[in-house]
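Derivation of every value follows stated rules applied to the coordinates shown; laboratory data play no part. A quick note: this is a predicted structure, and the numbers were derived from the prediction, not measured. Glycine gets a Cβ as well: all are built from the backbone with ideal geometry, and neighbour counts include every protein chain shown.
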Amino acid sequence: MKTKVYAIITAGGSGRRMGGSIAKQFLELGGKPILLRTIELFRSLSFDVEIILVLPPQYKEYWKGYCVTNNLWFKHTLVSGGITRFHSVKNALELVPDGAVVAVHDGVRPFVPKQMLERLLTFDLKAAGAAGVIPVMPSIESMRKKSYDNAGNLTGAAYVNRDDYMFVQTPQVFDSTSLKEAYKQAYSPNFTDDASVVESKGYKVVFDSGSRFNIKITTPEDIKLGEIILNYQSS
């Protein structure tokens, strides 16, 4: 690719839902840390991707030690995570120049199909008149919207049409100039992902097909599901 491509891999969380002593991104799946499998997705592409890895400050030395011990000498840059995902991405964007393509990807999504990843990273944003493209999947589950009383107690859950909703995945891909400009905004709790930050600035974001394999590993059950996917992809 003529345009330089960057991947910001966000792995700044503590993984408290896993309940273990180590952050979820470092748990092993098929003998490798989940995070390493995610990084390998970008390293397997037919074009170069500059990898920026966002880690909790207390895990940066742990990761460096792991790489040395396992002879992992591939090029990547470490950035300390912030108090929220928004602040983590903002920190990483300081290393990304204008005029590039930048993908922001969850460090615990190690199963993005290669074809999907290449399609997103080479998406013609200019032709689409958009600042970004994000992968989405239709909802296949019944859904209800919760309601609460003034004390915050759950009082009910009303039916909603699942066809009105879709699941959003990563990597979310943007032209770096627009993404950096969007991240100059003050933080808002309404920012649920990078696309929401970009859209709040008035930029257009378009959708592309996601994948059922592209799970986000956040619970012990997800580890089991990940093992099944890994075995399937290896067969």
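Pick from THR218, THR155, THR122: which residue has the top mean-square fluctuation in a GNM of the chain where Cα pairs under 10 Å get a spring? For the chain, modelled as a Gaussian network with Cα springs under 10 Å, the answer is THR155. Considering only TYR62, TYR148, TYR183, the Gaussian network model of the chain with Cα springs below 10 Å gives its largest mean-square fluctuation to TYR148. At full extension, HIS87 and TRP73 could sit 2.3 nm farther apart than now, given 0.36 nm per residue minus the alpha carbon distance. Note on LYS126 and SER147: their simple-model spin labels are 5.1 nm apart, each label 7 Å out from Cα toward Cβ. In this simple spin-label approximation, SER234 and ARG43 carry label points 7 Å from Cα along the Cα→Cβ vector, and these lie 1.7 nm apart. Taking 7 Å steps out from each Cα toward its Cβ at LEU95 and GLU227 produces label points 3.3 nm apart.
The phi-based Karplus calculation (6.51 cos²θ - 1.76 cosθ + 1.60; θ = phi - 60°) puts the 3J(HN,Hα) values of the range 72-79 at 9, 10, 5, 6, 7, 10, 9, 10 Hz, whole numbers, x for Gly and Pro. Computed 3J(HN,Hα) for the range 80-90, one whole-Hz value per residue from the Karplus formula 6.51 cos²θ - 1.76 cosθ + 1.60 where θ = phi - 60°, is 6, x, x, 6, 9, 4, 3, 5, 5, 5, 4, glycine and proline marked x. Between ASP208 and ILE134, VAL136, the built amide H atoms are under 5 Å apart, and every one of these is 5 or more places off in sequence or on another chain.
So for the chain: antiparallel DSSP bridges make up what percent, rounded to the nearest 5? Rounded to the nearest five, the antiparallel share is 45 percent.
Only helices enter the 222 nm calculation for the chain: every DSSP H run of n ≥ 4 contributes -39,500 (n - 2.57), and dividing by all residues gives -8500 deg cm²/dmol, rounded to 500.
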